[in-house]
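Enquirer: Quick one: this structure, given as structure tokens, is what I'll be asking you about.
The values are calculated or read from the model by the stated rules, or taken from the named source; none is laboratory data. Being a predicted model, the structure only gives us computed values, none of them experimental. Using ideal geometry, Cβ is built from the backbone for each residue, glycine included, and neighbour counts are taken over all protein chains shown. Heavy atoms of the whole protein, side chains included, go into the accessibility calculation; ligands, DNA and RNA do not. Shrake-Rupley method; radii C 1.70, N 1.55, O 1.52, S 1.80 Å.
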Amino acid sequence: MFDLPSDGWRTRFAPAPTGYLHLGHVVNAVWVWGLARRFGGTVVLRVEDHDLVRSRGEYAAALREDLDWLGLVADEEAPRQSERGERYSAVLRELGELVYPCTCSRKTIRAAVERLGRPEGDEVWYPGTCRERGIDPATTHARRLRLEREEIRFTDRRLGEQAQTPAEQCGDLLVRDRDGHWSYQFAVVVDDMDQGIDVVIRGEDLLASTGRQIQLAALLGRHEPPRFLHHPLVLRPDGEKLSKSNRDTGIRELRAAGWSAERVLAEAVRLGELPEEVASAAFGKLPER
Ligand code: GLU
């Protein structure tokens, strides 16, 4: 099922500590722990606090407590991203000429895209404004990575064959922003490579990021990318993504309202459409609704 290796593979649960755990996280967790327990994988917990402005230590502590309560214990814990600055800097240096300083703001990017008459897509596309400007690197922390036009093909283990062209989706990737913060795309690829992650299990909202992560990994010398599986995303009835502000789905709120850990897991299995065979092998008998 899902064409996973039969044993000895590594995956990760990688929440950003920018809020309390909610059902959307648990959907991801039941997929990660479910497949790892069923098919012999190792789960690495990685606290993705690359966003130093929004991440908080208390959220990181709370998410460990909530995972413990749910009985989801990681086999290993990776260093937090905020501890990995030196490593990211070293990788940036390795990329050499592929990386260039960029002084564009969101506003100037939008204006440049408009001038080019490019129809607005789902995400911001960087038109390469600073590519050849020869900006003095001392003037800004912001760095972008040249992405040549390349079609990236991969097989999603649930959704099948995919083809993405990152140069057209997002353009040159932001590696570090002007405040010196490492970008999600960069940190996640370096971490997955360094931590030997060979199966990435995450929500469909990150499907569009996968091609660029494969392209970046190849530039860093990782030519055999991880396997990817994107699971359904839990939406609110109005179609919005669940988030920390949706108090009704917070694990702490559900717990306070008398839900058992098994009931939370059962709800996540149902919402995330984790196959029954995987859920029962991994979590035993869960309560019916
Ligand atoms: N930290 C990311 C998030 O909270 C997940 C990263 C990933 O799975 O690639 O959405």
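Enquirer: Helix 23-39 versus the longest principal axis of the chain: what angle, 0 to 90°, nearest 10, using Cα atoms?
Expert: So the inclination is approximately 80 degrees.
Enquirer: Here is a further query. Ignoring ligands, DNA and RNA, please state the percent of accessible area on region 9-283 from carbon and sulfur, probe 1.4 Å.
Expert: Carbon plus sulfur share of accessible area: 47 percent.
Enquirer: Separation of region 1-33 and region 87-163 by C-alpha centroid, Å?
Expert: Here the two parts' Cα centres lie 28 Å apart.
Enquirer: Rolling a 1.4 Å sphere over the protein heavy atoms, what is the accessible area per residue of the chain, to the nearest Å²?
Expert: It amounts to 50 Å² per residue over the chain.
Enquirer: Sticking with this structure for a sec: Can you give me the orientation-averaged projected area of the convex hull built on the Cα atoms of the chain, in nm²?
Expert: 15.8 nm²
Enquirer: Additional query: Could you pull out every Cys in the chain that lacks a partner Cys with its beta carbon under 4.7 Å away?
Expert: Cysteines lacking a close Cβ partner in the chain: Cys104, Cys170.
Enquirer: For region 9-283, with the dipole built from +1 on Lys and Arg beta-carbon atoms and -1 on Asp and Glu ones, taken about the Cα centre, which of Ile201, Ala62, Ala187 lies farthest toward the positive end?
Expert: Ranked along the dipole, the leading option is Ala187.
Enquirer: Could you please report the charge total around Thr140, scoring K, R as +1 and D, E as -1 over all other residues with beta-carbon less than 15 angstrom from its beta-carbon?
Expert: Within the 15 Å Cβ shell, the charges total +3.
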